[in-house]
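What follows is a single structure, written as structure tokens, with notes after it.
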Amino acid sequence: MSGTDIKVNQDYAGPLLKTIEQINDMFSPWNPSVELSIGLFSMMVPEFDHRAFREALVNAFGHRDYTLLGRVRVQLDDAGLTIANPGGFVEGINIHNLLTAEPHGRNPCLMDALKRTGLAERTGRGIDRICEGSLHYGRPLPDYTASNERNVSVYLQRSAPDVEFVRMLAEEQERTGKTMPVNGLLILNMLRNERRCTFETMNKKLDMSEQRLRAMLGQLTESGMIEGSGNGSRRTYTLGSTVYRRTGKTIEYVRQTGIDRVRWPELIMKLVAEQNDVMRADVMELLHVDANQAYYQLSKLVKGGKLRVIGRGKGARYTIGGFTGRK
């Protein structure tokens, strides 16, 4: 559709495999690509990831409720692409656990046949591919919020690719020789949109277990793609300096990390209040800084009269109190 004008309105009735191929062939001319230059190479980026479209289409036929009247509907308009089918989500699956729920279907024999023909994802994780198809190009996540108990609907928003985000992922893949897993894409996408997030927030909003989240955050931190500060569930993350540098947004990086550094004295004082005193090693662990930075932050608080120091060297302890005047 273009606005309210119908450009093409085609119904299909026939063998399932043939119908899927017909719809797939019909869709291709309406899914143009743009060329992006990545270093010395170039790549074609379609408006809608073709593998994601094919997977969503196959899922609509493979998981629909055939006891209900109705048909699978594919609609392409100015806003985006919608694929809908009769029948709600299978028991145990909802829009909040699509990526983590154990894969199982309403029509296991049909899905097995579709997997054997190569149309469906053999691992049963087709939803990963649908999400990956959007996230890999820096586009919004697939939207399932229009689904209900009688209908499942996935909406892929029409959106230009984020060129710098695509370039960043391509360079990382070239460096490691591996594609970014969907969990990593979810984290990077959230930080790209929110700028900074706590572990607690990501754990609530992202569809992955706490263990997987911690592991993925660790991998991304080691690669330099993200940076963390703080401790525990309140530990905050931002995209790394190399990522901001690649995207030409160094000022934003300085702004984001600067916010953290402004809060360092507050965090130290809070830790002192909880423990009665702290050592340099405690501050190193709290702020994820080296010994010199930890000492500098503690010294400022001592000079400011907020802390007093007891002892010398590495074993020195800092507690709440006035400036002692000792040099």
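The values are calculated or read from the model by the stated rules, or taken from the named source; none is laboratory data. These numbers were taken from a predicted model, which means no experiment stands behind them. Quick reminder, even Gly has a Cβ in these numbers, built from the backbone with ideal geometry, and neighbours come from all protein chains shown. Quick note on the areas: whole protein, heavy atoms, side chains included, nothing else; ligands and nucleic acids left out. Shrake-Rupley method; radii C 1.70, N 1.55, O 1.52, S 1.80 Å.
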Under 18 Å from the R312 label point (7 Å along Cα→beta-carbon), backbone N, region 271-288 = 280
Length gain on complete extension for the stretch H104 to R234, per 0.36 nm per residue less the alpha carbon to alpha carbon distance?
-> 43.3 nm
Leaving out ligands, DNA and RNA but keeping every protein chain, what accessible area does D49 have, in Å² rounded to the nearest 10, with a 1.4 Å probe?
-> 30 Å²
Expressed as a whole-number percentage, the relative contact order of the chain with C-alpha contacts under 8 angstrom and at least six residues apart is 11 percent
Put F89, F27 in order of accessible area, largest first, 1.4 Å probe: what do you get?
-> F89, F27
Each label point is 7 Å from the Cα along the Cα-to-Cβ direction; what then is the distance between the points at T4 and N276, in nm?
-> 7.5 nm
Output the peptides 215-221, 265-271 sorted from most to least packed, where packing is the average of other Cβ atoms within 10 Å over each peptide's residues.
-> 215-221, 265-271
Longest principal axis of the chain (C-alpha) makes with the long axis of helix 291-303 (C-alpha) an angle, in degrees to the nearest 10, of 60 degrees
Of the labelled options (i) 6, 27, 37, 24, 6, 0, 0; (ii) 5, 21, 25, 20, 13, 8, 6, 2, 0; (iii) 5, 23, 29, 19, 8, 5, 4, 3, 1, 0, which one gives P(r) over Cα pairs in 10 Å bins from 0, in percent as computed for this structure?
-> (ii)
Relative to the first principal axis of the alpha-carbon coordinates of the chain, what is the inclination of helix 182-194, with its axis defined by its Cα atoms, in degrees from 0 to 90 and to the nearest 10?
-> 70 degrees
What whole-number value in Å² describes the accessible area per residue of region 1-88 for a 1.4 Å probe?
-> 57 Å²
Could you grab the relative contact order for region 21-74? Cα pairs under 8 Å, six or more apart, rounded to a whole percent.
-> 22 percent
Positive minus negative residues near C109 (Lys, Arg vs Asp, Glu; Cβ under 12 Å) = +2
Under a 1.4 Å probe, counting only protein heavy atoms, R175 has an accessible area in Å², nearest 10, of 140 Å²
Degrees, to the nearest 10: 250-275 long Cα axis against longest axis of the chain = 60 degrees
The relative contact order of region 128-235, taking Cα pairs under 8 Å that sit 6 or more residues apart, comes to a percentage of 20 percent
Of every hundred units of 1.4 Å-probe accessible area on the chain, the number belonging to carbon and sulfur atoms, as a percent, is 51 percent
